[in-house]
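A.B. asks: Below: one structure in structure tokens.
The values are calculated or read from the model by the stated rules, or taken from the named source; none is laboratory data. Since the model is a prediction, treat every value here as computed from it, not as a measurement. Neighbour counts run over all protein chains shown; Cβ positions are idealised from the backbone, glycine included. With ligands, DNA and RNA removed, areas are computed over all heavy atoms of the protein, side chains included. Shrake-Rupley method; radii C 1.70, N 1.55, O 1.52, S 1.80 Å.
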Amino acid sequence: MSITPEGVEAPVAPKWIGEAHVTAAARKLRRAERGKRLCRRAARRLDEAGALAHATELQLRSDRYDTVAYFGGETAPLSSRVHARCWVGKKP
Amino acid sequence: MKRLADWWFEPAPARRLGMIRLLTVLFVGVYLAVQGPEFVGLGTKESTFRPVGPGHLLPGKIPAALWYAVLASLAASGTAFAVGWRGRVTGPIFAALLLLVTTYRSCFGMIFHADNLLMFHVIVLACCRSSEAYAVGVGRGPERSDEAYGWPIKLLSAVTLAAYFVAGVAKLKVSGLGWIGNDTLMHHIAFDNLRKAELGVTWSPFTGIAFAAPALFVPLAVLTLVLEVGAPLVLLNRKLGQVWAVAAWAFHLGIALVMWITFMYPLLGFAYLSFFDVEKLDRRSG
């Protein structure tokens, strides 16, 4: 998840962690739950590409949802746990 | 026993088998070309190598230069096999290289199950007389039918039906009859779409609409199981096989709409060629 200084969150696409497919990305994230290194690598790629220009922070995070209710509009996670965080570019 | 043999070795036109070969290999070409950057990128992929299936025969990651040579050889042998040039040699080479390339892609954490059916079809086509029509040197090939062209077509259909049967059995093994009775299918669709949404990739815009009518998921789950577990039975009757093929195609269309999962081989109809008189696509065949 990328986060701006204002706290706006946006998902980080699989390609930024070196995967083309969402299933492969999900598996990689699960295997790297305390993945500071994976977080930094994705942040470096985003920074070099100038993508998600307003993001200053990345978080590797587990979010729990009510899957069916999600599509009824309840998109907020039931719980959240941050495994790793890192900065995109220089630490503000 | 004789009746079984007569049924299995029922003659079929050379042109039908030749057309299936031509179209299947053309599909492989487009399929690989569309995903070209991903396949080329495997030469320098950083992820951990986790061998699956025939990948266990590999000593480890393939050096980049060798990988690019494999891809070039695959393209060359595929082109040769598509046009039926020395099919008995180029076919098996193409099948072996395709097995290597598709397996290797699955050795980095994600298994591409959708490649399996295509791979089995290519192996069957490579190991039979599929290059005796629509091929260099013979043109459209002979009009005659022969058992040598019939059994491979039946085998292609049997492999297709077996793949669906295995998928159905897997559902029953994991969820039992709960697959039908509870919300398993609905939750499965929701989970898949939610993961896409939260990982920032395209997900189905129809999910919310489908969830507005949850009662629909029970008959859909029943139909899915009937289609999959009952698949082997339709091999006995060609017309029934054609009805099944259309239903299976509609099933994949439904998956594409509500899950945004596009298994191109069945979705574009190539997986079901053996069920139809595809030689009639060549109108000159009359």
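A.B. asks: In what order, largest first, do B:Met119, A:Met1 sit by accessible area if the probe radius is 1.4 Å? Before the final figure, lay out each step's value.
C.D. replies: Values: B:Met119 15, A:Met1 40 Å².
Putting B:Met119, A:Met1 in descending order of accessible area: A:Met1, B:Met119.
A.B. asks: Here's something else I'd like to know. Report the accessible surface area buried between chains B and A, summing both sides, using a 1.4 Å probe on protein heavy atoms only, in Å² rounded to the nearest 100.
C.D. replies: Values: alone 15190 and 6670 Å², together 19710 Å².
What B and A bury together is about 2200 Å².
A.B. asks: May I ask you to give the percent of accessible area on the protein assembly as shown that is carbon plus sulfur, with a probe radius of 1.4 Å? Before the final figure, lay out each step's value.
C.D. replies: Working: 12780 of 19710 Å².
Ligands and nucleic acids excluded, carbon and sulfur reach 65 percent.
A.B. asks: Let me ask something additional. Could you pull out every one of the lysines with an alpha carbon less than 21 Å from that of B:Lys2, ignoring same-chain neighbours closer than 8 positions?
C.D. replies: Hits, sequence-local ones excluded: B:Lys154.
A.B. asks: Just which residues of the stretch B:29-46 lose 30 Å² or more accessible area with every protein chain there, against their chain alone, with the probe set to 1.4 Å?
C.D. replies: By number: B:Glu38, B:Lys45, B:Glu46.
A.B. asks: Quick one: angle between helix A:22-31 and the longest Cα principal axis of chain A, in degrees between 0 and 90, rounded to 10, please.
C.D. replies: Once rounded, one gets 80 degrees.
A.B. asks: Also, quick follow-up: What Kirkwood radius, in Å to one decimal, follows from the Cα pairs of chain B?
C.D. replies: Here the Kirkwood hydrodynamic radius works out to 20.6 Å.
A.B. asks: Name the lysines eligible as straight-distance cross-link partners of B:Lys45: C-alpha to C-alpha under 25 Å, and not fewer than 8 places from it in the same chain.
C.D. replies: A:Lys15, A:Lys28, A:Lys36, B:Lys61, B:Lys196
A.B. asks: What is the dipole size for the protein assembly as shown, taken about its Cα centre, with +1 at each Lys and Arg Cβ and -1 at each Asp and Glu Cβ, in debye to the nearest 20? Please list the in-between numbers first.
C.D. replies: Numbers: 42 positive and 26 negative charges, 200 e Å.
Dipole size: approximately 960 debye.
A.B. asks: Only protein chains counted, 1.4 angstrom probe. Which residues of the stretch A:64-83 are at least 20 Å² less accessible in the assembly than when their chain is isolated?
C.D. replies: Hits at the 20 Å² cut-off: A:Tyr65, A:Thr67, A:Val68, A:Tyr70, A:Phe71.
A.B. asks: With a 1.4 Å probe and every protein chain left in place, work out the accessible area per residue of the stretch A:2-87 in Å², rounded to a whole number. Provide the component values of the computation, followed by the final result.
C.D. replies: Details: 5040 Å² over 86 residues.
With the other protein chains kept in place, the stretch A:2-87 gives 59 Å² per residue.
A.B. asks: Working from the alpha-carbon coordinates of the stretch B:164-286, get Rg over Rh, Rh being the Kirkwood radius. List each step's numbers first, then the result.
C.D. replies: On the way: Rg = 16.6 Å, Rh = 16.0 Å.
Computed over Cα atoms, the ratio is 1.04.
A.B. asks: If you build the Cα gyration tensor of the stretch B:96-166 and take the root of 5 times each eigenvalue, what three semi-axes come out, in whole angstrom, biggest first? Can you show the working numbers first?
C.D. replies: Details: eigenvalues 165, 53, 10 Å².
Ellipsoid half-lengths, sorted descending, are 29, 16, 7 Å.
A.B. asks: When the Cα centres of the stretch B:133-163 and the stretch B:223-264 are compared, how far apart do they sit, in Å?
C.D. replies: The two parts, judged by their Cα centres, are 22 Å apart.
A.B. asks: Work out, in µm²/s and without decimals, the Stokes-Einstein translational diffusion coefficient of the stretch A:2-87 at 25 °C, 0.890 mPa s, Rh from Kirkwood over C-alpha pairs.
C.D. replies: In µm²/s, the coefficient is 180.
A.B. asks: Taking the Cα atoms only, what angle lies between the long axis of helix A:36-49 and the longest principal axis of chain A, rounded to 10 degrees?
C.D. replies: Helix A:36-49 sits roughly 70 degrees off the main axis of chain A.
A.B. asks: To continue, here is another question. Based on alpha-carbon centroids, what's the gap between the stretch B:188-210 and the stretch A:18-92 in Å, whole number please?
C.D. replies: Answer, in whole Å: 17.
A.B. asks: How much accessible surface area, in Å² rounded to 10, belongs to the heavy atoms of B:Asp183 with a 1.4 Å probe?
C.D. replies: Rounded to the nearest 10, the figure is 80 Å².
A.B. asks: Right, something else. When only C-alpha pairs under 8 Å and at least 6 residues apart count, what is the relative contact order of chain A, in percent? Could the numbers behind the result be given before it?
C.D. replies: Details: 134 pairs, mean separation 29.3, N = 92.
That works out to 32 percent.
A.B. asks: Within the set of other residues whose C-beta is less than 15 Å from the C-beta of B:Ser204, count the net charge using Lys and Arg as +1 and Asp and Glu as -1.
C.D. replies: Details: positive: B:Arg195, B:Lys196; negative: B:Asp192, B:Glu198.
Within the 15 Å Cβ shell, the charges total 0.
A.B. asks: For a quick check of understanding: with a 1.4 angstrom probe and all protein chains in place, what accessible area in square angstrom does A:Cys39 have, to the nearest ten?
C.D. replies: 10
A.B. asks: How much accessible area per residue does chain B have, counting only protein heavy atoms and a probe of 1.4 Å, in square angstrom? If you can, show how the numbers build up before the last one.
C.D. replies: Numbers: 14120 Å² over 286 residues.
Each residue of chain B exposes 49 Å² on average to a 1.4 Å probe.
A.B. asks: Can you check how the C-alpha radius of gyration of the protein assembly as shown compares to 2.2 N^0.38 Å, as a plain ratio?
C.D. replies: Values: Rg = 23.8 Å, N = 378, 2.2 N^0.38 = 21.0 Å.
Dividing the Cα Rg of the protein assembly as shown by 2.2 N^0.38 Å gives 1.14.
A.B. asks: Next question. List for the stretch B:106-136: residues with 30 Å² or greater reduction in accessible area, all protein chains versus chain alone, probe 1.4 Å?
C.D. replies: The answer is B:Gly109, B:Met110.
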